[in-house]
Amino acid sequence: MAVAAGYRYRFDPTPEQADLLRRTFGCVRAVYNRALHERAAAWRERRERVSFKVMSRWLPVWKAEWPWLAQVSSVPVEQALRHLEAGYARLFQRLGRKPRFKSRRDRQSATFMKTAFRWRDGQLTLALMKQSLAIRWSRALPSTPSSVTISRDAAGRWHVAFRVAVEPPPAPEPLRPALGIDLGLMTLAASSDGGSVANPRWLRQRQHRLRRAQRALARKKKGSNNREKARAAVARLHARVADALHDHHHKLSTRWIRENQAIHVETLSLRGLARTRLARSLHDAAWGSLLAMLQYKAAWYRRDLVAIDRFFPSTRACSACGVVGPKRALHVRTWTCDGCGVTHDRDANASQNILAAGHAVRAGSDPRRWPAEGTSDAPGSARRAAPMKQEPVA
């Protein structure tokens, strides 16, 4: 059965195409922000929930007020309202945060449906454009796209993302039935098979360059061309950090998913941890990005992803006898169990406990009773996390 996937490429627009796309981004941003303001006001003043059907009736009125809306394609402008509706749907399902206003300084994007682009012989031409886009084809597109999203990041790079229907690839034969993974900061991940992945610390590697670039940006006069050049230099450095981080996470998550039938990981309160003194290290490790990749790739390759409750004492419990010890400071990397006298590595022991907890969850045992009947699992609590609706990215 075919599933939806996204394929993204770089492209280089002509000056005329870049001008049209920038005006399209501005129209999309203006409509999205005004719809968000009106919807928030309707709820705040009248406790009224506004649907997409109601928001679509606002467009003709806004076009009369803003004549420049008629200078771009109406499809991406209407899609902005659909994206706002989808954002609120995710919020009500507790799958995302509250929609926020768009800024011209952030990543800009516009979505074109089939009625607003022409796809012929591998050439993409958007509405109101005379020439096709000069796309850098790094790989072949498997099928005809159903929608196209054009975006421009803060570093000035243009991307085109195609939504296509593809057949899921055959799942490779796993090397292991299950793998427990403990995420960390000093070591990015420790696995129950005895392996460990070092934390590359991409952000800290480039911290010196970033500080110099940001100090240079602070000295420039606001509104000047030199300030815009300095801002672009800072954005390019951040883009290099993000690209290196995503490449590393993609390779790591793909290897784990292909080699194991089940992946057991802990659920983490990333927002809470990001408010502590470890915030910079947490953003550098980007656990959320890695877990999101594991989630959609597990669905892609038909693997099991089991999430263990964040309150499960994976670090304090002994993987040999099950005795739960006291809390230990982060700098304590090895400790000896008071029950059986076995000396444990902190991360390796946690990965073994996560593996055992995941087995209990998959067996259907009561997550509040440990050890489960007929098993030798460590004490604690575990549960399967609710799946998130996220499309695979090939």
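The table for this structure:
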read-out	value
Subset of the stretch 311-337 [assigned to a loop (DSSP other than H, G, I, E, B) and β-branched (Val, Ile, Thr)]	THR315, VAL323, VAL332
Verdict on CYS337 being crowded, with 20+ Cβ neighbours inside 10 Å, modelled with pLDDT of 85 or more and not aliphatic (A, V, I, L, M)	no
Which numbered condition SER73 fails, given (1) within 24 Å of PRO145 (Cα to Cα); (2) loosely packed, with under 14 Cβ neighbours inside 10 Å; (3) not acidic (Asp, Glu)	(2)
Residue pairs meeting the criteria (Cβ under 8 Å; at least 6 apart or on separate chains; first part of a helix (DSSP H, G or I), in the stretch 273-287; second of a type in the set (Phe, Trp, Tyr))	ASP284/TRP202
Among residues of the stretch 98-129, those that are in contact with a helix residue (DSSP H, G or I) (Cβ under 7 Å, 6 or more places away or on another chain) and more than 25 Å from GLN71 (Cβ to Cβ), counted	2
Residues satisfying the stated conditions in the stretch 130-163, i.e. assigned to a strand (DSSP E or B), of a type in the set (S, T, N, Q) and either out of contact with any His (no Cβ under 7 Å at 6 or more places or on another chain) or on the phi > 0 side of the Ramachandran plot (or both)	SER147, THR149
Residue match in the stretch 341-357 (condition: modelled with pLDDT under 85 and assigned by TED's automatic domain parsing to the domain that holds ILE263)	yes
Spans of helices (runs of 4 or more DSSP H) in the stretch 1-98 with at least 2 residues touching a Ser or Thr at 6+ places or on another chain (Cβ under 8 Å)	15-46, 74-92
Top-ranked residue in the stretch 164-218 [being among the charged types (D, E, K, R) and assigned to a loop (DSSP other than H, G, I, E, B); ranked as modelled with the lowest pLDDT]	GLU167
Top-ranked residue in the stretch 75-101 [being over 17 Å from ALA30 (Cβ atoms) and of a type in the set (A, V, I, L, M, F, W, C); ranked as nearest to the chain's Cα centre (by Cα)]	LEU95
Residue in the stretch 265-280 that is of a type in the set (Asp, Glu) and assigned by TED's automatic domain parsing to the domain that holds SER319 present	yes
Residue ID - farthest from the chain's Cα centre (by Cα), chosen from residues in the stretch 236-261 that are within 27 Å of ALA360 (Cβ to Cβ) and crowded, with 20+ Cβ neighbours inside 10 Å	ASN260
Residue that is surrounded by the fewest Cβ atoms within 10 Å (Cβ to Cβ), among those in the stretch 113-129 that are in contact (Cβ under 8 Å) with a residue 24 or more places away in the chain and not in a strand (DSSP E or B)	THR115
Matching residues in the stretch 262-275 - criterion: being among the aliphatic types (A, V, I, L, M) and within 19 Å of the chain's Cα centre (by Cα)	ILE263, VAL265, LEU268, LEU270, LEU273, ALA274
Criterion (within 29 Å of the chain's Cα centre (by Cα), farther than 25 Å from HIS238 by Cβ and crowded, with 19+ Cβ neighbours inside 10 Å) met by exactly one of ALA110, ALA35	ALA35
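The values are calculated or read from the model by the stated rules, or taken from the named source; none is laboratory data. Please read these numbers as outputs of a predicted model, since none were measured by experiment. So basically every Cβ, Gly included, is an ideal-geometry build from the backbone, and we count neighbours across all protein chains shown.
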